[in-house]
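The values are calculated or read from the model by the stated rules, or taken from the named source; none is laboratory data. Computed from a predicted model, the values in this text were never measured in an experiment. No Cβ is skipped: glycine too gets one built from the backbone with ideal geometry, and neighbour counts run over all protein chains shown.
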Amino acid sequence: MTAGPTVRETTGRRRWIVAAAAALGVAALAVAFLLGHDEAPVQGPTVGELLIALKAQRASLQARADGRARIGLLEEFRVASLLSDALAARHEADLERSFERLPAPQRQAFADVDALNSALRDALVRPGEGARLAAHAVSQRVRASLERLASTDSAPLILLFTPRFVPPRRATGELTLTPRSPDAPPHDGVLRLEPSSKRATATGATPAAPTEPTVPRYVPAFATAATDDPPVAIEVTGLHLAGDGGSPPVLVIGAWRGEATLAPERLHFSVPRSAFATEAAHTVFATASLSIRRASRTSTFDLLFVVLPDRPGSFALDQRVRTFVPEANTLVSPEILARGGVGETRTVRRCFDPPAGQRFDKAHRRVVIVERLGWLDDVNDPTVNGGSVEFADDEGPDQICLVVTARAVTRAARAATIGRFEATLVHNRPEERVVQSGVRALDWHETVRVPIDPGTVEWKLYIRLFDEIDREFAGGSSGSTAPAGVPFLHIDLDVKDKTIALQADPMVEP
């Protein structure tokens, strides 16, 4: 019979089993480390999902922007786009990584873009100067985050690009007349500015019947066509913009595609003006796609522009004009008595001023001798009175002076003269009327002038830019200054020539 294992053998075997288990655990941890901790289940959104969401939010906001927002918030939209694209270029290898596992400084850049999207949303929902300033303040933080990325790695980074606004097309000065419907009444020969027809909506409105295309009527057949629009020069400024392997960066706008001309930290493109979609009366967003290939990776950046329309807008000037209509009545002066003693000559001079706000019409006045009296030995005898009633030669320009004289023709006679005058008294009655210029079109090529009536005491200028942006300005008869701060518009108030001039200019950017 064989004896069982001893206590020492059993203890040694147990220690071996424990050591083997510990070694297996260490090996498993090493394998897990080599495979990488990203293999663990992702918690929360990934970096790629967050980038897609941020870009989708901005695209939705751009689609909702009206004409005022496209111009007033353009810089904020641009900064949000640049930082989003810069983050996508730097985190291309982290798209499947959980966003919460990024370092805090990197997560802050994403938070800045999200905050700017929220500020833009508020500015679109509640438009106003306060919301616009709030969005601008957030964009400054986003701009700082974008500039901090310059020292992180060698990924492409765009800091700035120009222009902001694509100028209008040149060949838009031809006057065009919309063809008249066959059922329309005969034309009366007057050209009118008609409001643009509204599109049929889902309310059941019947769309207008198709008409023939509008044809130019102003340019005669022998006139040569205007020169083509100059190309739009786009300059992109940033870091690490040169591509690898001799492949220059490529810009795509609509159906146009072109390669960059390289300069230190700059890219230059000459883009045909026709590559930008343009509307007749409204501004539109245009997005160009810039592709830069580096280290076998292609980074894409969206460059946002605002394209100015063919027609800048319209204006109207209302003037409150005050004129004075003369009204006249006859003034009969009080009677003036001049009485002299025996053998005396007596003169009485009296001056009269017109009532306030009135004036004498000295071309229409006359003296009236009411009565000439005389006495000789207490017997009434008017013939012994050689007196008179006359206007004084030294009267003031605004007054009438009457001289009444009683003169005895003999030493024993006494005389008395009663006289007065009658004159036309004129006063100006104010009348007010409104002078309206009517709706007039602004022009990219010519200055439009409207005369200001000399009797204008108040005026009001209404401006509509691109059929979406409305501005109003008011002024008075004196001390008025030309309205300022209107984007794409020069306004000149010439007090001497009594005109107000308006010139649409694509260089007058906000």
Point to revise | Scan of the stretch 248-274 for residues that are touching an Asp or Glu at 6+ places or on another chain (Cβ under 9 Å) and touching a residue at least 12 places away in the same chain (Cβ under 8 Å), ordered by number | key: Pro248, Pro249, Val250, Leu251, Arg266, Leu267, His268, Phe269, Pro272, Arg273, Ser274
Check your understanding: Just checking, which of Gly396, Gly343 is on the phi > 0 side of the Ramachandran plot and not in a strand (DSSP E or B)?
Key -> Gly343
Revision key, fill the gap. Within the stretch 295-326, residues part of a loop (DSSP other than H, G, I, E, B) and over 30 Å from Ser154 (Cα atoms) come out as Leu308, Pro309, Asp310, Arg311, Pro312
Review point. Would you pick out the residues in the stretch 480-494 that are out of contact with any Phe, Trp or Tyr (no Cβ under 7 Å at 6 or more places or on another chain) and not acidic (Asp, Glu)?
Key: Ser480, Thr481, Ala482, Ala484, Gly485, Val486, Pro487, Phe488, Leu489, His490, Ile491, Leu493
**Study point:** Residue match in the stretch 327-339 (condition: in contact with a helix residue (DSSP H, G or I) (Cβ under 6 Å, 6 or more places away or on another chain), part of a strand (DSSP E or B) and either basic (Lys, Arg) or surrounded by 15 or more Cβ atoms within 10 Å (Cβ to Cβ) (or both))
**Key:** no
Practice item. Could you tell me which residue of the stretch 447-458 is surrounded by the fewest Cβ atoms within 10 Å (Cβ to Cβ), considering only residues that are free of Cβ contacts under 8 Å to residues at least 60 places away in the same chain and in a loop (DSSP other than H, G, I, E, B)? Key: Pro454
Review point. Residue check: is Glu422 modelled with pLDDT of 90 or more, buried (at least 16 other Cβ atoms within 10 Å of the Cβ), of a type in the set (Asp, Glu) and closer than 30 Å to Asp353 by Cα?
Key: no
Check your understanding: Any residue in the stretch 58-71 that is surrounded by 12 or more Cβ atoms within 10 Å (Cβ to Cβ), at pLDDT below 95 and more than 30 Å from Ile469 (Cβ to Cβ)?
Key -> no
